Amino acid sequence: MTETIHDRIKARLAETGLSQAGASQKAGLSRDAIRKLLTNEGQLPTGKTLTGLAAALETTEQWLLTGGDRAPVQEVRAADIELPPRTVMPKDIPVLGTAAGSHERGAFQLSSDPIDYVRRPPALAGAKDIYSLFVEGSSMEPQYWPGDLIFCHPHKHPRSGDAIVVQCRIGGDHADTEATIGLFLKKTSNSIIIRKHNPPAEIEIKNEVISHYHKVLTPNELFGV
């Protein structure tokens, strides 16, 4: 029996441990995009959809289409490498303040000096410039609750649907820096648009006030899986 693109998508879902909905969101598609594709054996993905699927499933567009070019990229998992016990990891990740669940002026601030240090997860051994924040506010519930500790990676480029922390200058270049957390939707020529959960809302933040925006690491990235 000839293997189809649908078979290869199913194989990569099983190998990466992603659900259909999770892979769809990681690819920047609607939650049910892969489910609809797999239930219609005569349907082929468009170019944009194929590109997103290849990235989400950690393989190439050519392999998805034909099974050729190269085998799927196998991600190194925690079971394949020996990680040091968490208790021996240095307590060197700075806590820079709080990231708000809502985006209201004065509700949250980043400190130029760390307010505390937390232990480095073993999967982040050697990662540079990682910092952490305590979430405040309720607008990212149930994904993030007030008091949750999040880790931010300045050198990982976020994809659509990833949680990000947006740092904003309030009152000029030398004023306080505020931060908010949301799901990255898109970056335009003059703004970044993020999504909140509670209540559902899309918020546009102008580039002129943004100093940085950084990806929030997922549990899989923190635990090396």
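Looking at residue 159, is it buried (at least 20 other Cβ atoms within 10 Å of the Cβ) and of a type in the set (Lys, Arg)?
no
State the number of residues belonging to segment 1-35 that are open to solvent by 70 Å² or more (accessible area, probe 1.4 Å), among the polar types (S, T, N, Q) and either within 12 Å of residue 53 (Cβ to Cβ) or assigned to a helix (DSSP H, G or I) (or both).
The total comes to 2.
Name the residues in segment 132-150 that are assigned to a strand (DSSP E or B) and loosely packed, with under 14 Cβ neighbours inside 10 Å, would you?
Hit for segment 132-150 is 149, nothing else.
Among the residues of segment 136-171, which ones are over 14 Å from residue 217 (Cβ atoms), in contact with an Asp or Glu (Cβ under 7 Å, 6 or more places away or on another chain) and of a type outside the set (A, V, I, L, M, F, W, C)?
Answer for segment 136-171, where residues must be over 14 Å from residue 217 (Cβ atoms), in contact with an Asp or Glu (Cβ under 7 Å, 6 or more places away or on another chain) and of a type outside the set (A, V, I, L, M, F, W, C): just 146.
Within segment 138-158, can one find any residue that is touching a Pro at 6+ places or on another chain (Cβ under 9 Å) and small (Gly, Ala, Ser)?
yes
Does residue 222 fit the bill of being modelled with pLDDT under 90 and touching a Phe, Trp or Tyr at 6+ places or on another chain (Cβ under 9 Å)?
So residue 222 passes the test.
Residues to consider are 126, 137, 171; find the one that is at pLDDT below 85 and either under 17 Å from residue 98 (Cα atoms) or of a type in the set (Lys, Arg) (or both).
It is 137.
For residue 78, work out the one condition from (1) modelled with pLDDT under 80; (2) open to solvent by 40 Å² or more (accessible area, probe 1.4 Å) it doesn't fulfil.
Unmet for residue 78, out of (1) modelled with pLDDT under 80; (2) open to solvent by 40 Å² or more (accessible area, probe 1.4 Å): (2).
Scan segment 1-53 residue by residue and report those that are at pLDDT 85 or above, among the hydroxyl-bearing types (Ser, Thr, Tyr) and over 24 Å from the mean Cα position of the chain (by Cα).
4, 39, listed by residue number.
Identify the residue in segment 13-28 that is out of contact with any Leu (no Cβ under 8 Å at 6 or more places or on another chain) and aliphatic (A, V, I, L, M) and, among all such residues, is nearest to residue 195 (Cα to Cα).
Within segment 13-28, the subset out of contact with any Leu (no Cβ under 8 Å at 6 or more places or on another chain) is 14-15, 17, 21-22, 24-25, 28.
With the extra rule that they be aliphatic (A, V, I, L, M), the set shrinks to 14, 21.
Working: 14: 29, 21: 18 Å.
Step by step, filter segment 13-28, then rank; the result is 21.
The values are calculated or read from the model by the stated rules, or taken from the named source; none is laboratory data. It should be emphasised that the depicted structure is a prediction, and the values quoted were computed from it without experimental measurement. Don't worry about glycine lacking a Cβ; one is built from the backbone with ideal geometry, like all the others, and counts go over all protein chains shown. In case anyone asks, the SASA skips ligands and DNA or RNA and just uses the protein heavy atoms, side chains included. Shrake-Rupley method; radii C 1.70, N 1.55, O 1.52, S 1.80 Å.
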